[in-house]
Amino acid sequence: MNPTELAQTAQRITDAVETAIMGKKETVELATAILLANGHLLIEDIPGVGKTTLAKALARALGLSFKRIQFTPDLLPSDITGSSIFNQKSGEFEVRPGPVFANIVLADEINRTTPKTQSALLECMEERQVTIDGVPHTLPAPFFVIATQNNIEITGTYPLPEAQLDRFMGRLTIGYPTRDAEKQILVGQKHIKPVDSINPVVTGAEILAMQAAVRDIYVSEQLHDYVLDIVTATRQLPAVSLGASPRGSLSLLYASQAWAALQNRDYVKPDDVKLLAPIILAHRLTVRPEQRVRGVTALTCVREAIDRCRVPDGIQTRR
């Protein structure tokens with residue numbers, strides 16, 4: 001798949017999703033970029049702004065198998081991965097796959113379940129497999145986890161551990177719509193929800209081909225160094241106790257390639273890296289408690305890291 005075909009196919013996806021998520025073009029494009037980079041997405045925002053709608057709209061536009069898991073305090077790991085059940089007729093154990101065996105998995109309100117249950121997703125997200133009674137089972141491809149969490153309520157929630165956060169390629173917020181967009185929502189949803197009328201615009205085979213094509217987007221040696229400069233800077237900030245991991249470096253590189261593809265380019269620019277760094281790196285940082293009290297956030301730390309790094313000029317755009 002050449003860059004033009006890749007961009008045109010991605011445009012079909014974003015156009016379809018935007019019929020349900022109005023006035024949030026960049027958010028939709030960023031979510032699509034994370035999908036094409038073969039990552040997973042964490043959507044963190046207040047209730048009612050469209051977190052679940054974005055996930056459902058993406059699933060419908062892609063036409064892939066979709067399962068929603070409502071995370072609650074009493075959810076068990078086997079409720080996600082599945083379990084091995086003894087069949088009395090055959091006299092053998094048989095695997096009953098859980099809802100994670102789908103192309104797109106919506107982990108709704110992921111921080112409302114215990115760390116033990118949250119950890120059931122670790123192997124799924126990183127290795128694309130599930131181990132049940134010691135036997136690994138491969139998950140379908142493509143495999144895309146979209147998790148949502150409410151960042152306002154604290155009661156009855158369990159913060160995601162660093163290992164879990166690091167497996168999400170990016171974290172997005174949606175925010176309130178503009179007045180005009182909200183008016184469109186009021187008028188357009190009198191009788192039907194737009195997400196229910198979205199039809200598939202791509203196939204699973206096309207998604208896999210797009211994910212493979214994204215890795216061929218050219219990245220110059222200067223931009224490899226620029227990515228590493230930013231990630232290294234996050235580890236050296238005085239306000240940060242835990243900087244971005246090597247997985248974060250890879251995620252920033254892959255996401256930048258996907259974003260360049262969405263812009264119909266076959267090469268990555270420094271602006272791609274600068275745009276994506278807060279989305280890809282901020283949730284991976286741990287800010288020191290005394291700095292949090294002063295209002296320092298992971299997002300401001302990533303922006304400081306970007307400001308510390310020299311932007312490369314005269315980059316190569318071809319091999």
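Conditions (1) in contact (Cβ under 8 Å) with a residue 12 or more places away in the chain; (2) closer than 18 Å to VAL105 by Cα, marked per residue:
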residue	(1), (2)
ILE46	yes, no
ALA59	yes, yes
ARG68	yes, yes
PHE71	yes, yes
SER90	no, no
Could you check, for segment 121-139, whether at least one of its residues is at pLDDT 90 or above and among the small types (Gly, Ala, Ser)? no
So in segment 1-42, with the set limited to residues that are farther than 15 Å from LEU64 by Cβ and of a type in the set (D, E, K, R), which one is surrounded by the most Cβ atoms within 10 Å (Cβ to Cβ)? LYS24
Output the residue which, of all residues in segment 43-75 that are β-branched (Val, Ile, Thr) and touching a helix residue (DSSP H, G or I) at 6+ places or on another chain (Cβ under 7 Å), is farthest from ALA181 (Cα to Cα). THR72
Within segment 138-151, is even one residue of a type in the set (Val, Ile, Thr), touching a residue at least 40 places away in the same chain (Cβ under 8 Å) and in contact with a Leu (Cβ under 6 Å, 6 or more places away or on another chain)? yes
Checking the condition closer than 28 Å to LEU64 by Cβ, crowded, with 18+ Cβ neighbours inside 10 Å and not basic (Lys, Arg), which residue from ALA298, ALA260, ALA233, ALA209 passes? ALA260
Tell me, yes or no, whether segment 290-303 has at least one residue that is more than 17 Å from the chain's Cα centre (by Cα), of a type in the set (Asp, Glu) and part of a loop (DSSP other than H, G, I, E, B). no
Filter segment 107-139 down to residues that are surrounded by 15 or more Cβ atoms within 10 Å (Cβ to Cβ) and acidic (Asp, Glu) and give me whichever is farthest from LYS51 (Cα to Cα). GLU123
Members of segment 229-255 that are of a type in the set (A, V, I, L, M, F, W, C) and either within 23 Å of THR297 (Cβ to Cβ) or not assigned by TED's automatic domain parsing to the domain that holds LYS269 (or both): ILE230, VAL231, ALA233, LEU237, ALA239, VAL240, LEU242, ALA244, LEU252, ALA255
Any residue at all in segment 137-160 that's over 24 Å from ALA282 (Cβ atoms) and not in a loop (DSSP other than H, G, I, E, B)? yes
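Quick one: in segment 150-176, of everything that is aliphatic (A, V, I, L, M) and modelled with pLDDT of 85 or more, which residue is surrounded by the fewest Cβ atoms within 10 Å (Cβ to Cβ)?
First, pick out the residues of segment 150-176 that are aliphatic (A, V, I, L, M): 152, 154, 160, 163, 165, 169, 172, 174.
Restricting the remaining residues to those that are modelled with pLDDT of 85 or more gives 160, 163, 165, 169, 172, 174.
On the way: LEU160: 21, ALA163: 13, LEU165: 15, MET169: 28, LEU172: 23, ILE174: 21.
Per the stated criteria, the residue is ALA163.
The values are calculated or read from the model by the stated rules, or taken from the named source; none is laboratory data. Everything numeric in this text was worked out from a predicted model, so none of it was measured. Methodologically, a virtual Cβ is constructed for each residue, glycine included, from the backbone with ideal geometry; neighbour enumeration extends over all protein chains shown.
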